[in-house]
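One structure is given here, and the rest of the page talks about it.
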Amino acid sequence: MLEFENIAYYTAAGFKKGKVTVSDGKVYLSPECDISKEDVDGKIILPGLADVHVHLREPGFFYKESIATGSAAGARGGYTALLAMPNLNPVPDSTEHLAAELDAVRRTAKIGVYPYAALTVGEKGKELSAIEELAPLVAGFSDDGKGVQSAGLMREAMMRVKKCGSIIAAHCEDESLLDGGYIHDGAYAAAHGHKGISSESEWKMVERDVALAAETGVKYHVCHVSTEESVEIIRRAKAAGVDVTCETAPHYLILTEDDLEEDGRFKMNPPLRTARDRDALVEGLRDGTVDMIATDHAPHSDEEKSKGLKGSLMGVVGLEFAFPVLYTELVKTGRISLMRLIEAMTTAPAKRFGLPTGDLYDGAPANLAVFDLSREWTVRGKECASKGSSTPFEGRKVQAKNTMTIYNGEIVWKE
């Protein structure tokens, strides 16, 4: 049994303070009193964070990451639920191909790991995967890393996923508009001779897919939104009653093309966009258009990230410092509230994907993180539990440190 006396904690109904007890895998609260956000400045207990978009690289790319190291990184960052993307080898497009990943999760995961299945065979966008047999075993369906280029195939996918009661998490990227780009098609690319990725390559597919989602009624989730236009399309779709949610990532909420350096740690897909895009994302997060924050934790080897903006592979790590970076840059500066940040990293993803976290109440599953909001520290990629170390936030001073993570009533990380 664990007891925390006179401590602040988050609930979906507001911040409270009292005694929090963990016993037999459950949470018990007594007594409690409401407190204002101004009174939350030291240690606080949160529901375990939930990230609906991570790359754990196993099976197939063990040298980049594993379920053991990726889930350990999640535990250190305060996460108790990770949804793992399917760009693996073998691609989980059938129950046979999913089996190795599920086995590794059972054997080595430190926290809850919930795989996605591929939407199409081999993520090649030509034929649909074994959706009906996979649906009971996975968190949803995605071809992350690639957009489904055929509208007809996406419509068929939506109809079949809808019948299964599952969800599609879509990487929206129109390949006909890429033109070999690898950073944002903006001022930095023009000034430094780089090929750019247009904003239209993202928002055109978002526009197509929300129309298909309206037609089919499927539960539809947009991955790593990065453009102002995408936010507005999703805002209008929600107002029209379409069952659509979306995520963005910490780097899109904080950084822009103005922060770019000739270093692979600034290369990810989608790329860092403009200040106007960033501000639209923050406003979308504030008003609920952007439902949740996911890290898109995508580790690569040091060699793969050492080839500058042009030659490095796309992807950065983020699980171990997502909450502190966002707390420091968005909450401490007054751009969003602490309540909204926590909601976007716990309640919203848990509700959308049916995860055992997201709120604290008597009898809730004991999946918790204990953050010290007053702690200052410096982001260092090489200190991560992840095999990857490449982050655009390298060297940044942040506030808020996870000191303990509890999963299923057991301490899985303690400072």
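List the equivalent ellipsoid semi-axes of the chain in whole Å, largest first, each obtained as the square root of 5λ for an eigenvalue λ of the Cα gyration tensor. If you can, show how the numbers build up before the last one.
Working: eigenvalues 196, 120, 92 Å².
The equivalent ellipsoid of the chain has semi-axes of 31, 25, 21 Å.
Any chance you could list the semi-axes, whole Å, largest first, of the equivalent ellipsoid that the Cα gyration tensor gives for the range 286-415, using √(5λ)? Mind showing how you got there, number by number?
On the way: eigenvalues 142, 61, 53 Å².
Taking √(5λ) for each Cα gyration eigenvalue gives 27, 18, 16 Å.
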Next item on the list: Ignoring everything but the protein chains, give the 1.4 Å probe accessible area of Leu128 in square angstrom, nearest 10.
Entry: 20 Å²
Check: On full extension of the chain, what length is gained from Ser30 through Asp103, given 0.36 nm per residue of separation minus the C-alpha to C-alpha distance?
Finding: 22.4 nm
Margin query: Rounded to two decimal places and with Rh computed the Kirkwood way over Cα pairs, what is Rg over Rh for the range 163-316?
Written below: 0.98
Checklist line | Exposure of Glu123 as accessible area (Å², to 10), given a probe of 1.4 Å and all protein chains | finding: 10 Å²
Check: Of Ser374, Ser199, which has the most accessible area with a 1.4 Å probe, and how do the rest follow in descending order?
Finding: Ser374, Ser199
Item checked: Rounded accessible area of Tyr114 (nearest 10 Å², 1.4 Å probe) -> 60 Å²
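If DNA, RNA and ligands are ignored and the probe is 1.4 Å, what is the ranking of Glu132, Glu215 by accessible area, most exposed first?
Result of the area sort, largest leading: Glu215, Glu132.
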Note to self: For a 22 Å ceiling on Cα separation, which of these pairs sit above it: Lys126/Lys307; Lys124/Lys307; Lys163/Lys219; Lys146/Lys204; Lys26/Lys351; Lys64/Lys195?
What the structure shows: Lys126/Lys307; Lys124/Lys307; Lys64/Lys195
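Per 0.36 nm of contour for each residue apart, how much would the distance between Arg236 and Thr403 grow if the chain were fully extended, relative to their Cα-Cα spacing? Write out the running numbers ahead of the final one.
On the way: separation 167, 0.36 × 167 = 60.12 nm, distance 4.02 nm.
Net length gain for the segment: 56.1 nm.
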Check: Dipole of the range 270-375 (Lys/Arg Cβ +1, Asp/Glu Cβ -1, origin at the Cα centre): which of Thr346, Leu368, Val290 lies farthest to the positive side?
Finding: Val290
Check: Using a simple charge model, +1 on the beta-carbon of Lys and Arg, -1 on the beta-carbon of Asp and Glu, nothing else, what dipole does the chain show about its Cα centre, in debye to the nearest 20?
Finding: 520 debye
Margin query: Could you tell me the relative contact order of the chain? Use alpha-carbon pairs under 8 Å, at least six residues apart, and round to a whole percent.
Written below: 20 percent
Next item on the list: Mind pulling the angle between the C-alpha long axis of helix 67-76 and the longest principal axis of the chain? Nearest 10 degrees, somewhere in 0 to 90.
Entry: 50 degrees
Notebook entry, point to check: Among Ile197, Pro270, Ala213, whose Cα sits farthest toward the positive end of the charge dipole of the range 192-270 (+1 at Cβ of Lys/Arg, -1 at Cβ of Asp/Glu, about the Cα centre)?
Noted result: Ala213
Next item on the list: Please get the size of the charge dipole for the range 266-386, origin at its Cα centre, with Cβ charges of +1 on Lys and Arg and -1 on Asp and Glu, quoted in debye to the nearest 20.
Entry: 440 debye
Checklist line | Farthest toward positive dipole pole in the range 60-174 [+1 Lys/Arg, -1 Asp/Glu at C-beta], among Tyr79, Thr108, Thr69 | finding: Tyr79
Check: Taking a 1.4 Å probe, which of Thr333, Thr346 shows the most accessible area, and what order do the others take after it?
Finding: Thr333, Thr346
Check: Can you give the Kirkwood hydrodynamic radius for the range 142-206, in Å, rounded to one decimal and based on Cα pairs?
Finding: 13.2 Å
Next item on the list: Describe numerically, in nm with one decimal, the distance between label points set 7 Å from Cα along Cα→Cβ at Glu133 and at Ala214.
Entry: 3.7 nm
Check: How much of the DSSP beta bridge set in the chain is antiparallel, as a percent to the nearest 5?
Finding: 55 percent
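The values are calculated or read from the model by the stated rules, or taken from the named source; none is laboratory data. Bear in mind the structure is a predicted one, so any value in this text is a computation, not a measurement. We place every Cβ from the backbone using ideal geometry, glycine too, and count neighbours over all the protein chains shown. Keep in mind that these areas ignore ligands, DNA and RNA; they rest on the heavy atoms of the full protein, side chains included. Shrake-Rupley method; radii C 1.70, N 1.55, O 1.52, S 1.80 Å.
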